[in-house]
1. Got a sec? How would Ile305, Ile71 order by Cβ neighbour count within 10 Å, fewest to most?
2. What length, rounded to one decimal in nm, is gained on full extension from Asn373 through to Leu113, with 0.36 nm per residue of separation minus their alpha-carbon distance?
3. Separation between the Arg336 and Arg424 pseudo-spin-labels, each 7 Å from Cα along Cα→Cβ, expressed in nm?
4. Which shape class, rounded, prolate or oblate, goes with the range 279-429 when its Cα gyration tensor gives a ≥ b ≥ c as root eigenvalues, a/c under 1.5 marks rounded, and past that a/b bigger than b/c marks prolate?
5. In whole Hz, with x marking every Gly and Pro, tabulate ³J(HN,Hα) for the range 323-332 from phi via Karplus 6.51 cos²θ - 1.76 cosθ + 1.60, θ = phi - 60°.
6. Please order Ile316, Ile303 by the number of other Cβ within 10 Å, starting at the fewest.
7. Please give every one of the lysines within straight-line cross-link reach of Lys114, meaning a C-alpha to C-alpha distance under 23 Å, and leave out same-chain neighbours fewer than 8 residues apart.
8. Among the listed pairs Lys300/Lys441; Lys360/Lys430; Lys300/Lys345; Lys320/Lys430, which are separated by more than 19 Å between their Cα atoms?
Amino acid sequence: MKLQFGSFLITLALLSAPPAWSQAGSADSPQSGSSDSSQQQSSNGPQQVFTHPEERPPLAMLEEVTSHSFINVGMGLTAAWDSNAAAFAYQPYSQTVLILNPSLQVQQTRPMLKWYLGAYGGFNAVNTAAYYSTANPNVSAGVIYQINRHWQINANDNYLYSADPFQQYLVLSSAPTYNQPNPTIYVPLATTQTNNGTVDLTYQINARDSLTFTGTESFRRSLHTTYSAYNLYSYGGVAAYQHVFSARFSAGGAYSYTSLDFGHGQTRSGIQLMQGFASYQLGAHMGVTGWFGPEYTATKNLIPIFCDPYGCFIEIRHNKVWDTAYGGNFGWSGQRSALTVGFSKSVSDGGAFSTVGVVKLYQVTGNFTWQLNPRWNLLLGTLYGNNTGYSTAAMFRHLNSLTGNLGFTRQITPTMSAGLQYIRIYETQKNFYIYGASAPKWTDNRIQFTLQYNWGHSLGR
């Protein structure tokens, strides 16, 4: 009887030990490279099977209305210092920035449908020669719907509004002089709006072939500033075909069209691109992708030739150019570290530097992450961009940028993390239409500390 009872205790201990070990080790176990390797997969074709992001007991709010739903609440606080916040200005100045970022996201996952809705508040308090603040509310939404076994639709949209919630002007005052007894300058504070939307419709022909049709729209508007002349409105479409030859190799072709409108007709461009692309998995932890194809750009520009107090004489210029677009990415991921390197050449809208207009862009990126231990991570990154104006010779502009960053993050608790980051920015630009003009430079060193809190839980099953 004693032997039977002893064997029963041993069996009970063996059955209960693995779950206890799993729960204790999950919090401090190192993250694997699965998330990095999944990013190397092609974006064409249907997405992965939907799974619920939360395994803990649900809150069971409103029962069926909130079933299969998940909520995430976050709060971020960043303190940053810039050595030179005046981009390309002859009188540099430093600044201190305090950034508050609350967030709320709700998503619902069902067998054939997944949707999410997020609201992100942002408040920046900047202390320079004149104190000012900006509010940056951001709203995003998206949906993935599996229409049937072959068809899937994926749509998302993101809207950002930025403005000063307390004042409309920046007041700059200095010591009075004989010729200027009241040296006060009122600078209107800019209000910016950006929106980006994408819709993907994918048709899975069979296990190896797929078609993807994509539509895009975006706008970038600036109010109360000289940059308003370069407000951007764009739309476009892409049709892509992909064939999976094996578990390691896939390839296909695509055609895309993009329309860009700067300043309500001042500069208009149509960009057409035909490209072939391929992806190859070199090993379990290493993969490469590449693309190449001809690119055709047609532009129409309104060029002011002569201006007087009554107006400007405008000349309309058209330009059509054939070029090549290409690029590639290399990715490697290990158990505790990951590396990605990419390069590309294409015609784009100039990104955040909308005053450059349509540009020929050469870009090189590199990122490295290393998990030092279960709580500490090291982040390294670099970005090089070479932007050359592409509209007309009269508006030819050039911008070079090199950015590097070094950062550390620490997971304090399962819901709270902290990060320390150093960023260095070096940029040069030149306007060739001014003979003998020097190239102004901008160098900035930023140090920032971030504290982030995230809490997530299921609302119902």
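1. Sorted ascending by nearby Cβ count, the order is Ile305, Ile71.
2. 89.9 nm
3. Inter-label distance under the simple model: 2.7 nm.
4. oblate
5. For the range 323-332, the Karplus curve yields 8, 10, 10, 7, x, x, 9, 10, x, 9 Hz.
6. Details: Ile316 8, Ile303 17.
With the sparsest Cβ surroundings first, the list reads Ile316, Ile303.
7. Cross-link targets: none qualify.
8. Cα-Cα > 19 Å for Lys300/Lys441; Lys300/Lys345; Lys320/Lys430; rest within.
Just so you know, all these numbers are worked out from the coordinates, no wet-lab data involved. Because the structure is a prediction, the values reported are computed rather than measured. Reconstructed Cβ throughout: ideal geometry from the backbone, glycine too, with neighbour counts over all protein chains shown.
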